[in-house]
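The values are calculated or read from the model by the stated rules, or taken from the named source; none is laboratory data. Please read these numbers as outputs of a predicted model, since none were measured by experiment. Cβ coordinates were reconstructed from backbone atoms using ideal geometry, including for glycine residues, and neighbour counts include every protein chain displayed. Heavy atoms of the whole protein, side chains included, go into the accessibility calculation; ligands, DNA and RNA do not. Shrake-Rupley method; radii C 1.70, N 1.55, O 1.52, S 1.80 Å.
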Amino acid sequence: MDFILSGAAACGACLFTNPLEVVKTRMQLQGELKNRGTYQIYYRNVFHAFYTIGKVDGLAGLQKGLVPGLVYQFFMNGVRLGSYSIIESSGYIHTDGRVSAAKTTVAGAAAGVVGAVMGSPIYLVKTHIQSQATSSIAVGHQYQHQGMVHALAAIHKQHGILGLWRGSSAAVPRVSVGSAAQLYSFAASKELVVDLQVFPEGSWLVALCAGMISSVVVVAAMTPFDVVSTRLYNQPVDHTGKGELYKGFGDCFSKTLKMEGVTGLYKGLGASYFRLGPHTILSLLFWDELRKLWQQHRQ
């Protein structure tokens, strides 16, 4: 039940934040491996990107990749948050009744690794579909998938079962870092808010406030890994399934840093917060409330 509740909470958040994921993906791919000023800017900022995608691709364009997005959230966050919930219930993350920074970070990172490996094929497809756009505003490599099932079948047919896990070398550090930052900051913030007695005991506002603090920490820690992950997943590949732009996580990180500078690793930062911020807040709030309801039901 921990896994189901966690997956359901993440899906609930995804329904609201998927358009922001589309915007973030496009902005991270814009000007890939090009020096500033040498490429056309289709998306000037988050709001301009929303307007441009809505105008050219229509409102449906802002919900591209929703199906793989929901499937990814259910399985990846179901496993990640579900695993962490079990670890938390065992009392591991606490030392002398207080949240342990080291133990919570390790538990969050470990849960993230498991979730990232399981969800990688769906994240691959989601990235491909969300980057697909009308040629006049297209950025990054353009795949021509007709949907999630078609994409999975095409990738499997061309590159075999291992081809579905292409890009996972970036997914593991991305999700493990993000998971560790998210779950530690959420647990510590919740403890702090409870100690301050700002809200009544058991109030949903405790989880909301902790989620808002956690969202800032997550975006700051995760964005460089998110940019690298998006580019690795979306890069074109040769007939053997080998990437044509990057050899792996380290190569993509160093090339981006060399060609685009530190700001290249933080491309789409505003979009990242607008997407990861609300998603973190909503998913953690839904997760916390659903677990409380389940505990009450069991009693």
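Return the only residue of Ala151, Ala170, Ala133 being open to solvent by less than 30 Å² (accessible area, probe 1.4 Å), out of contact with any Cys (no Cβ under 9 Å at 6 or more places or on another chain) and part of a helix (DSSP H, G or I). Full working, then the answer.
Working: Ala170 fails: out of contact with any Cys (no Cβ under 9 Å at 6 or more places or on another chain); Ala133 fails: part of a helix (DSSP H, G or I).
Exactly one residue qualifies, and that residue is Ala151.
Only one of these is in contact with a helix residue (DSSP H, G or I) (Cβ under 7 Å, 6 or more places away or on another chain), exposed (fewer than 15 other Cβ atoms within 10 Å of the Cβ) and of a type outside the set (S, T, N, Q): Gly160, Gly211, Gly241, Gly140. Name it. Reasoning before the result, please.
On the way: Gly160 fails: in contact with a helix residue (DSSP H, G or I) (Cβ under 7 Å, 6 or more places away or on another chain); Gly211 fails: exposed (fewer than 15 other Cβ atoms within 10 Å of the Cβ); Gly140 fails: exposed (fewer than 15 other Cβ atoms within 10 Å of the Cβ).
Only one candidate qualifies: Gly241.
Kindly indicate whether Ala109 is outside any loop (DSSP other than H, G, I, E, B), among the small types (Gly, Ala, Ser), closer than 30 Å to Arg26 by Cα and open to solvent by 10 Å² or more (accessible area, probe 1.4 Å). Show your work before the answer.
On the way: outside any loop (DSSP other than H, G, I, E, B): yes; among the small types (Gly, Ala, Ser): yes; closer than 30 Å to Arg26 by Cα: yes; open to solvent by 10 Å² or more (accessible area, probe 1.4 Å): yes.
When the stated conditions are applied, Ala109 passes them.
Six or more apart or on different chains, Cβ under 7 Å: which pairs go from a residue in segment 146-172 that's without any contact (Cβ under 8 Å) to a residue 24 or more places away in the chain to one that's of a type in the set (Gly, Ala, Ser) and open to solvent by less than 20 Å² (accessible area, probe 1.4 Å)? Could you list them?
Listed pairs, sorted by first residue: His156/Gly163.
If you take the residues in segment 1-13 that are touching a Phe, Trp or Tyr at 6+ places or on another chain (Cβ under 8 Å) and of a type outside the set (A, V, I, L, M), which one is surrounded by the most Cβ atoms within 10 Å (Cβ to Cβ)? Show your work before the answer.
Going through segment 1-13, the residues touching a Phe, Trp or Tyr at 6+ places or on another chain (Cβ under 8 Å) turn out to be 1, 5-13.
Subsequent filtering for residues that are of a type outside the set (A, V, I, L, M) retains 6-7, 11-12.
Working: Ser6: 29, Gly7: 23, Cys11: 19, Gly12: 17.
The extreme case among them is Ser6.
Taking the condition more than 15 Å from Phe3 (Cβ to Cβ), in contact with a Lys or Arg (Cβ under 8 Å, 6 or more places away or on another chain) and modelled with pLDDT under 95, does Ile129 pass?
Details: more than 15 Å from Phe3 (Cβ to Cβ): yes; in contact with a Lys or Arg (Cβ under 8 Å, 6 or more places away or on another chain): yes; modelled with pLDDT under 95: no.
So Ile129 fails the test.
Which of (1) touching a Ser or Thr at 6+ places or on another chain (Cβ under 6 Å); (2) among the aliphatic types (A, V, I, L, M); (3) open to solvent by 10 Å² or more (accessible area, probe 1.4 Å) is the odd one out, the single condition Ala102 does not satisfy?
Condition not satisfied by Ala102: (1).
Please state which one of Ser85, Ser120 is in a helix (DSSP H, G or I), surrounded by fewer than 23 Cβ atoms within 10 Å (Cβ to Cβ) and among the small types (Gly, Ala, Ser). Don't jump to the end; show me each part of the working.
Working: Ser120 fails: surrounded by fewer than 23 Cβ atoms within 10 Å (Cβ to Cβ).
Testing whether each residue is in a helix (DSSP H, G or I), surrounded by fewer than 23 Cβ atoms within 10 Å (Cβ to Cβ) and among the small types (Gly, Ala, Ser) leaves just Ser85.
All but one of (1) over 20 Å from His141 (Cα atoms); (2) touching a residue at least 60 places away in the same chain (Cβ under 8 Å); (3) surrounded by fewer than 19 Cβ atoms within 10 Å (Cβ to Cβ); (4) not hydrophobic (A, V, I, L, M, F, W, C) hold for Gln295; state the number of the condition that does not hold.
(2)
As an exercise: evaluate Asn234 against (1) open to solvent by 10 Å² or more (accessible area, probe 1.4 Å); (2) in contact with an Asp or Glu (Cβ under 9 Å, 6 or more places away or on another chain); (3) closer than 19 Å to Ala151 by Cα and give the number of the one condition it does not meet.
Looking at each condition in turn, Asn234 falls short on (1).
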